[in-house]
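Only the coordinates and a few stated rules stand behind these numbers; no lab work does. Keep in mind the model is a prediction, meaning the values are calculated, not measured. Neighbour counts are summed over all protein chains in view; Cβ atoms, including those assigned to glycine, are modelled from backbone coordinates with ideal geometry.
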Amino acid sequence: MSNHQSVDPDKLKMFSFLVFSKLEGAVTSGMIHLGDRLGLYRKMSEITSPVSVEQLAGSLSLHPRWVQEWIHNQAAARIIEVEYTAEGERYSLSPEAVVVLADESHPAFGMGMFHRLPQTMNSLQVLPESFRTGIGHDYDSHGPDGAVGIERSFEPWSRTHLLPTVLPALDGIVERLQHGGNVADIGCGAGGAAVRMASAFPRCNVVGYDISRFALARAEERRTSEGVSNVQFRDPRVAPLPEDGSIDLVTAFDCVHDMTHPQEVMEAIRRSLKPDGVWLLVDIKALDTFEETMRRNPMASLMYGISVMSCMSSAMSVAGGAGLGTLGLPESLARRMSHEAGFSRFRRLDIEHSLNAFYEIRP
Ligand SMILES: C[S@@+](CC[C@H](N)C(=O)[O-])C[C@H]1O[C@@H](n2cnc3c(N)ncnc32)[C@H](O)[C@@H]1O
């Protein structure tokens with residue numbers, strides 16, 4: 001009661017607006033999912049002049065009333081541009097919108113996380129129980145579309161930058177792999193990076209490891225459809241990384257913070273590497289304290305939320321899981337953990353990326 005008496009009506013309005021603006025973001029995200037899934041953005045990017053609802057709906061065999069309501073959401077959210085002509089409303093995408101919403105080949109394409117939005121949000125059904133028991137859910141809990149969503153999230157950047165930017169930043173690796181060698185991609189997901197490295201270095205043997213059967217199935221599909229014979233995919237619980245000092249390069253893209261036992265995995269990586277081998281660790285650019293994160297990371301609330309629904313949940317998916325989560329592996333911790341795993345050299349690479357940091361780690 002006393003709390004109610006001290007409520008400031010102006011602050012109340014502002015606070016309600018703040019809370020409902022989050023709901024607006026969530027609901028509009030659902031509409032973005034539909035725009036991607038129904039091909040609405042792709043179609044708009046193909047039709048170069050501004051379109052009417054009837055034209056857009058007709059070109060995709062969709063019902064115009066539904067497209068109209070959807071496009072009004074998108075225009076109100078300033079995602080799609082609208083102009084009012086004598087013939088009625090006409091809609092278009094800005095060049096930047098085309099890149100983010102419709103151009104799968106561009107590194108800034110952003111539909112991956114929206115692809116898996118229903119599966120990610122569906123986790124809300126089971127998470128209350130996780131809050132009680134402490135046990136989360138691995139990536140397979142998001143189903144096959146979860147794996148495709150992850151693939152579509154990471155593939156655009158990797159396709160553009162892995163071979164020309166990232167591997168050349170590792171001292172001497174490209175020259176070495178051109179002569180052959182063993183490469184392991186840990187937490188390989190749908191296998192894009194492993195297939196790409198195998199194609200670029202035909203004398204190498206590349207193995208991708210992942211515990212997600214949906215990701216492994218998708219990786220296998222890619223291996224076959226892209227006709228690459230020097231790559232294989234394995235579940236490390238059945239066929240573990242060989243710990244015999246035989247690997248030249250281990251890579252791990254955006255997965256160590258998702259692991260239930262990252263320290264043990266780092267130790268296995270250390271044992272797998274040749275004395276002059278290299279581990280490329282790529283993980284989220286996290287900061288040391290929550291205070292610093294609040295100050296410097298404008299995406300912090302999004303990332304903590306994704307962590308609860310996906311990354312931390314995966315990292316807590318067995319009893320005793322480390323639970324690092326999306327923002328749980330800052331450089332200082334990566335340094336400490338790799339040192340404890342027996343690595344002696346750690347170098348942050350000078351590679352520009354909006355979310356990730358890149359580390360070259362050596363025995
Ligand atoms: C965010 S995804 C990244 C996938 C891939 N590296 C990419 O860049 O597209 C994280 C992946 O780590 C996998 N993962 C989690 N724990 C793992 C473990 N202990 N060993 C291997 N993979 C693991 C998950 O199944 C998931 O596919």
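Taking the Cα centre of the chain as the origin, how large is its charge dipole in debye, to the nearest 20, when only Lys and Arg (+1) and Asp and Glu (-1) carry charge on their Cβ atoms?
Its charge dipole is roughly 380 debye.
For the chain, what is the calculated [θ] at 222 nm in deg cm²/dmol (nearest 500), taking -39500 (n - 2.57) for each run of four or more DSSP H residues and dividing by its residue count?
-13500 deg cm²/dmol
Please build a GNM for the chain, connecting alpha carbons under 10 Å apart, and tell me which residue among Gln55, Gln74, Gln263 fluctuates the most.
Of Gln55, Gln74, Gln263, the Gaussian network model singles out Gln55 as fluctuating most.
Taking the chain as a Gaussian network, Cα atoms linked when under 10 Å apart, which of Glu267, Glu129, Glu155 shows the biggest mean-square fluctuation?
The residue that fluctuates most here is Glu129.
What value does the chain have for Rg/Rh, both radii from Cα atoms and Rh as Kirkwood defines it?
Taking Rg over the Kirkwood Rh, I get 1.02.
Using Cα centres only, tell me the gap between region 9-27 and region 139-203 in whole Å.
41 Å
Tell me, His179, His137, His257, His115 in order of fewest to most beta-carbon neighbours within 10 Å?
His179, His137, His115, His257
Given the options Gln68, Gly227, Ala341, identify the residue whose Cα lies farthest towards the positive end of the charge dipole of the chain (+1 on Cβ of Lys, Arg; -1 on Cβ of Asp, Glu).
Among Gln68, Gly227, Ala341, the one farthest towards the positive end of the dipole of the chain is Ala341.
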